[in-house]
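Notes follow the structure.
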């Protein structure tokens, strides 16, 4: 017997349409169905109706949910996290309050390197259990698909340990997970002043092992001042591509050193952060179709400027919004807060923002054919919000407005 679910009395069902990255004017194109109903069969959307009509077979469903006139959207897609890590970094706050910058702390052996030490000390079970709880919290906030990067191991053993934790989470948690290998996240203490040798280690030993164990779909690199330069980043990404990994790049977060131009040159699926991006970088990304994965909560937490989202939309760059959850520069996994910041600081419309937290990140992590929109044939991931419309989601902040979260046709 088929497992069927009917969601009726939907005030507004709002969703982008299609399985492709939306850019330019299409970034703000959503359909809005009033007084809608949605039929799910075995975890897949079967039919959507509006104007008070019910799908065929609605009278024979096994479960009915009354949306009580609320807003329904696709489940949120979290396109950029550093989910798996040991320890925390609350001890850095006094340094920041005294004026120390992100790079100041990193150069002094803190920042990412402090998390590396704690992650190396943590067992697989500790990392897995901690991350499992984070996923529970994310799902309660409306996230149904999540990307997770490694990058706090910075050696063979611990990078593999992190990626194996993500794989286990994918197998055991309701959240759909996408794994990104980010061995080039920082230069570990044992390779201080030997960044080229560390890149060689990653390219010659670690990336092949990641491929052998099938532990990641993408690779990412931190192309930044005092971390990895363009040449080093390119070598790493070329190796990743040769071993079957899709390409991502942390670019132009603090200094504009050419990371976004490299993203365009190499056809990266996404470039992340982009706070300091210039016109050349944006032109390269637009030409390549590279998605801009923007992280407004990081700008907020670090007291930095915000990425030029409106300019990117003007230039036909697909824009996505993510949390950047990590223990240092964004200790928040609340994608709803990132939605608020996208509205207030990026000056994006509610329609553009919905696209930026659903179909665009879904495409940027290789899931656009399955999730990111509400359409017949797609996976039934959706949220019933305690709100009448997207404007309310963008307006209210500090409260969890996700009333009911449905993953693969089941209430979670």
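The values are calculated or read from the model by the stated rules, or taken from the named source; none is laboratory data. It should be emphasised that the depicted structure is a prediction, and the values quoted were computed from it without experimental measurement. In this analysis, Cβ positions are derived from the backbone assuming ideal geometry, glycine residues included, and neighbour counts consider all displayed protein chains.
Filtered by the rule that a residue be over 18 Å from the mean Cα position of the chain (by Cα) and crowded, with 24+ Cβ neighbours inside 10 Å, the stretch 349-378 gives a lone residue, 374. The number of residues in the stretch 106-140 being assigned to a helix (DSSP H, G or I), touching a helix residue (DSSP H, G or I) at 6+ places or on another chain (Cβ under 8 Å) and at pLDDT below 85 comes to 1. Determine whether residue 143 is surrounded by 15 or more Cβ atoms within 10 Å (Cβ to Cβ), at pLDDT 95 or above, in contact with a helix residue (DSSP H, G or I) (Cβ under 7 Å, 6 or more places away or on another chain) and farther than 24 Å from residue 185 by Cα. Against the criterion (surrounded by 15 or more Cβ atoms within 10 Å (Cβ to Cβ), at pLDDT 95 or above, in contact with a helix residue (DSSP H, G or I) (Cβ under 7 Å, 6 or more places away or on another chain) and farther than 24 Å from residue 185 by Cα), residue 143 qualifies.
Okay, residues lined up against (1) crowded, with 20+ Cβ neighbours inside 10 Å; (2) closer than 28 Å to residue 340 by Cα:
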{"residue": "133", "(1), (2)": "no, yes"}
{"residue": "161", "(1), (2)": "yes, no"}
{"residue": "169", "(1), (2)": "yes, no"}
{"residue": "176", "(1), (2)": "yes, yes"}
{"residue": "179", "(1), (2)": "yes, yes"}
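Within the stretch 205-216, can one find any residue that is assigned by TED's automatic domain parsing to the domain that holds residue 150, assigned to a strand (DSSP E or B), touching a strand residue (DSSP E or B) at 6+ places or on another chain (Cβ under 7 Å) and buried (at least 23 other Cβ atoms within 10 Å of the Cβ)?
no
Conditions (1) under 21 Å from residue 77 (Cβ atoms); (2) touching a helix residue (DSSP H, G or I) at 6+ places or on another chain (Cβ under 8 Å); (3) part of a strand (DSSP E or B), marked per residue:
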site	(1), (2), (3)
170	yes, no, no
200	no, no, no
203	no, yes, no
226	no, yes, no
233	no, yes, no
240	no, yes, no
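Reported count of residues in the stretch 181-198, each being in a strand (DSSP E or B) and either surrounded by fewer than 22 Cβ atoms within 10 Å (Cβ to Cβ) or more than 15 Å from the chain's Cα centre (by Cα) (or both), is 2.
From the set of residues in the stretch 146-159 that are free of Cβ contacts under 8 Å to residues at least 60 places away in the same chain and in contact with a helix residue (DSSP H, G or I) (Cβ under 7 Å, 6 or more places away or on another chain), which is surrounded by the most Cβ atoms within 10 Å (Cβ to Cβ)? Only one residue fits best here, namely 154. The criterion of being out of contact with any strand residue (DSSP E or B) (no Cβ under 6 Å at 6 or more places or on another chain), outside any loop (DSSP other than H, G, I, E, B) and buried (at least 22 other Cβ atoms within 10 Å of the Cβ) does not hold for residue 265. For the stretch 26-38, state whether one or more residues are surrounded by 14 or more Cβ atoms within 10 Å (Cβ to Cβ), closer than 28 Å to residue 313 by Cα, in contact with a strand residue (DSSP E or B) (Cβ under 9 Å, 6 or more places away or on another chain) and in contact (Cβ under 8 Å) with a residue 24 or more places away in the chain. Looking for residues that are surrounded by 14 or more Cβ atoms within 10 Å (Cβ to Cβ), closer than 28 Å to residue 313 by Cα, in contact with a strand residue (DSSP E or B) (Cβ under 9 Å, 6 or more places away or on another chain) and in contact (Cβ under 8 Å) with a residue 24 or more places away in the chain, one finds at least one in the stretch 26-38, hence yes.
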